[in-house]
Structure formats: structure tokens, C-alpha cells
1. For L257, indicate whether it is open to solvent by less than 90 Å² (accessible area, probe 1.4 Å) and assigned to a helix (DSSP H, G or I).
2. Applying the selection to segment 149-183, what residues are open to solvent by 30 Å² or more (accessible area, probe 1.4 Å), closer than 17 Å to V90 by Cβ, assigned to a helix (DSSP H, G or I) and more than 11 Å from ligand 2 (Cβ to nearest atom)?
3. The conditions are (1) more than 14 Å from ligand 2 (Cβ to nearest atom); (2) part of a strand (DSSP E or B), and F56 fails exactly one of them. Which is it?
4. Yes or no: segment 238-245 includes at least one residue that is open to solvent by 40 Å² or more (accessible area, probe 1.4 Å), free of Cβ contacts under 8 Å to residues at least 12 places away in the same chain and away from ligand 1 (no atom under 16 Å from the Cβ).
5. Going through segment 275-286 one residue at a time, which ones are open to solvent by 80 Å² or more (accessible area, probe 1.4 Å) and either in contact (Cβ under 8 Å) with a residue 24 or more places away in the chain or not in a loop (DSSP other than H, G, I, E, B) (or both)?
6. Residues I27, I19, I4: which one is open to solvent by 10 Å² or more (accessible area, probe 1.4 Å), in contact with a Lys or Arg (Cβ under 8 Å, 6 or more places away or on another chain) and among the β-branched types (V, I, T)?
7. Given E218, E248, E233, which one is open to solvent by 60 Å² or more (accessible area, probe 1.4 Å), within 16 Å of ligand 1 (Cβ to nearest atom) and either modelled with pLDDT under 95 or out of contact with any helix residue (DSSP H, G or I) (no Cβ under 6 Å at 6 or more places or on another chain) (or both)?
8. Looking only at segment 38-53, which residues are within 14 Å of ligand 2 (Cβ to nearest atom) and either closer than 18 Å to L240 by Cα or surrounded by fewer than 19 Cβ atoms within 10 Å (Cβ to Cβ) (or both)?
Amino acid sequence: MEGIVEKINKLKQEKNAVILAHSYQNIEIDEVADYVGDSLYLSQMAAKTDAEVIVFAGVYFMAQTAKILSPEKKVLLPRTESGCLMADMVNLQKLREFKSKHPNIPTVCYINSTAEVKSESDICCTSSNAIKIVKSLNSDKVLFLPDNYLGKWVESKLEGIEVVTYPGYCPTHLKIKREDVLAIRSRYPEAEVLTHPECHESVTQISNYVGSTTEIMEYAKDSNTKQFVIATEEGVYERLKRDLPEKEFIMIREDILCPNMKWHHLEDIYNSLMKEEHEITVKPDLAIKALRCIDRMLEVSK
Ligand code: 13P
Ligand code: SF4
């Protein structure tokens with residue numbers, strides 16, 4: 001009997017579809033995914049694929065970004081519940097208030113934001129290129145939203161640039177505390193702690209390496225160290241355990257799960273492809289404005 005993976009692969013061929021999956025997804029999704037990685041990589045793949053249909057196993061803003069980059073394609077989000085709590089912390093009105101308090105300063109928005117917020121920001125960034133993007137503006141002061149912690153981490157890496165941050169945050173990453181790092185270090189003194197920049201600064205400051213999900217995975221692969229503590233969503237830990245069985249990975253805490261990412265299962269991917277639901281749409285005038293901000297980022301990231 002044909003299994004769900006074969007059924008999805010058959011549908012992918014029939015419909016000329018690709019599946020993009022974020023590294024926080026349930027790991028079963030990798031069995032059918034064409035591309036798995038961080039937000040920057042997935043947006044680059046969405047921009048360049050020739051497929052007619054993109055199924056996005058990620059959160060809403062990622063699928064919306066794919067639609068803005070490839071408006072002629074059908075972009076499907078298998079489960080509409082998959083929002084991003086951080087992206088929802090800022091809307092157009094709050095962005096305008098933030099900008100009016102700091103007039104005439106370039107605004108960088110994290111890709112974890114809505115199309116409306118992107119449409120009134122100067123440039124977008126992801127966790128892997130945020131430093132490069134802020135630097136590219138050649139300004140001694142920039143506004144950064146919605147992630148206060150990513151913004152402050154970028155500021156700590158750039159001399160002479162003030163990063164004025166908006167008070168947004170990721171509830172999943174903020175569960176990780178400095179005490180967790182200290183406790184795990186005393187149990188595993190040889191291990192390197194690899195951390196996502198959405199974590200609190202008291203955690204990033206004492207980590208061995210800070211990077212995006214893909215950067216963390218590449219660092220673990222290239223490093224001579226054999227033991228690592230993972231301070232980001234557990235999807236990264238699961239993939240590292242699978243891909244690098246010769247190394248040891250320890251999760252900083254057991255409850256670092258993004259509930260929004262975990263909605264998608266193989267059944268949902270199958271239903272979404274078969275019924276061609278749930279299609280993402282973005283109003284053309286809004287999409288044009290948001291595209292400027294995303295395109296500018298992709299240009300700087302080349
Ligand atoms: P990446 O840029 O590492 O994909 O991170 C996206 C994200 O939402 C992390 O919480
Ligand atoms: Fe959003 Fe945090 Fe989930 Fe990333 S981990 S998608 S920032 S809620």
C-alpha cells in the first residue's frame with residue numbers, strides 16, 4: 001500500500017510543487033521537503049524556484065514572504081494556526097508610533113513581521129544577516145523591530161551604531177535563562193553552548209556561539225568539539241542528532257518548543273497539496289511595498 005510520503009511525492013510531481021520547511025518543523029516533514037533551513041535560505045529558495053506551487057511548512061509570515069517574492073505562484077500554508085507570537089507584537093499603528101518617536105532614522109524590520117510592517121520599513125533582515133543589514137545602512141542610529149533581543153545583540157556586535165529596539169520578543173526563546181546555561185555548563189564543562197540571537201542577552205553573552213538555525217547547524221558540523229548544548233528550538237537539536245551521530249547534543253531545557261511551528265504534520269501537507277489549501281494572498285499594492293524591503297535585504301545578502 002502506498003504510504004503518505006509516496007502520496008505526497010506523487011502529488012508534488014503532478015502539481016509541480018515544492019515543499020519548503022523551517023528547521024523547527026516536526027522532523028517527519030524532512031521526508032518530503034525539498035528545502036529545509038533558516039528563514040533567509042527559505043526566502044532565497046522561494047524567490048528562485050521554478051515550481052508553480054509552494055507548500056510552506058513554517059509559520060505564517062514565512063509563507064507570506066514567499067508569496068510576496070513569488071506572486072505568480074500558489075503558496076499554501078498547511079495549517080493556518082501557525083502564526084508567530086513575536087510577529088504579532090507589532091502592527092502598522094505601533095510601527096508608526098515607534099517611528100514618530102524617533103523621526104528620520106532608518107527602520108530595519110526582522111523578517112518575523114507582517115507584510116504591513118514590512119511595507120513601511122526600509123529594509124528587512126533575518127537572524128543570519130542582521131549585522132550585515134544594519135551595517136549596510138551607514139547610519140549611526142537605526143530603529144529595529146520587533147525583536148528587542150536580536151536588535152540588542154546586533155548593537156553589541158557593532159561599534160558606534162545605536163540600535164533603538166522595539167519591545168518585542170519570542171516567548172519560546174525567552175524561556176532560556178542564564179541559570180540554565182550555568183547549570184548545564186557545570187554538568188558538561190567541555191560542551192559548547194550554541195544559541196539563537198532571539199535569546200535574552202544574559203544568555204547570548206555567555207554562549208560559545210550565537211547564530212541562526214542554519215548557522216548553528218553548520219557550526220556544529222565544522223567544529224572539532226564533540227559535545228554541544230543547543231539553546232534554540234528543539235527542531236534544530238533533533239536534526240543535529242540525526243545528521244551528526246558521531247557528536248553529542250544536549251538540549252538546554254526540555255520545553256523549548258515553538259507551538260506555532262509544530263502544527264504541521266505529514267497528513268496536513270498531504271491535505272494541503274491535494275485540496276490546494278490554504279492559499280496565501282497579499283493585496284498587490286501592499287505586496288509591492290513589502291517586496292521593496294525584502295528585495296533590499298536579498299540584494300545586501302548576496
Ligand atoms: P532563523 O532566522 O534562524 O530561521 O529564525 C527564525 C525564527 O523564527 C527563530 O525563532
Ligand atoms: Fe516566532 Fe518564536 Fe516561533 Fe520563531 S520560535 S516562529 S520567533 S514564536
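1. On the way: open to solvent by less than 90 Å² (accessible area, probe 1.4 Å): yes; assigned to a helix (DSSP H, G or I): no.
Judged against the criteria, L257 is not a match.
2. Across segment 149-183, the qualifying residue is only K152.
3. Going through the list (1) more than 14 Å from ligand 2 (Cβ to nearest atom); (2) part of a strand (DSSP E or B), F56 breaks only (1).
4. Applying the first criterion (open to solvent by 40 Å² or more (accessible area, probe 1.4 Å)) to segment 238-245 yields 238, 241-243, 245.
Then drop every residue that is not free of Cβ contacts under 8 Å to residues at least 12 places away in the same chain, which leaves 241, 245.
Of the ones still in play, those that are also away from ligand 1 (no atom under 16 Å from the Cβ) are 241, 245.
The answer is yes, given that some residue of segment 238-245 is open to solvent by 40 Å² or more (accessible area, probe 1.4 Å), free of Cβ contacts under 8 Å to residues at least 12 places away in the same chain and away from ligand 1 (no atom under 16 Å from the Cβ).
5. Let us first name the residues in segment 275-286 that are open to solvent by 80 Å² or more (accessible area, probe 1.4 Å), namely 275, 279, 281, 283-285.
Residues satisfying the conditions are K275, E279, T281, P284, D285.
6. Details: I19 fails: open to solvent by 10 Å² or more (accessible area, probe 1.4 Å); I4 fails: in contact with a Lys or Arg (Cβ under 8 Å, 6 or more places away or on another chain).
Just a single option satisfies the conditions, and that option is I27.
7. Working: E248 fails: within 16 Å of ligand 1 (Cβ to nearest atom); E233 fails: open to solvent by 60 Å² or more (accessible area, probe 1.4 Å).
Exactly one of E218, E248, E233 is open to solvent by 60 Å² or more (accessible area, probe 1.4 Å), within 16 Å of ligand 1 (Cβ to nearest atom) and either modelled with pLDDT under 95 or out of contact with any helix residue (DSSP H, G or I) (no Cβ under 6 Å at 6 or more places or on another chain) (or both), namely E218.
8. Answer for segment 38-53, where residues must be within 14 Å of ligand 2 (Cβ to nearest atom) and either closer than 18 Å to L240 by Cα or surrounded by fewer than 19 Cβ atoms within 10 Å (Cβ to Cβ) (or both): D38, S39.
The values are calculated or read from the model by the stated rules, or taken from the named source; none is laboratory data. Predicted, not measured: the structure shown is a model, and the values here were computed from it. Cβ: placed from backbone, ideal geometry, glycine included. Neighbour counts: every protein chain shown. Surface accessibility is based on the protein's heavy atoms, side chains included, excluding ligands, DNA and RNA. Shrake-Rupley method; radii C 1.70, N 1.55, O 1.52, S 1.80 Å.
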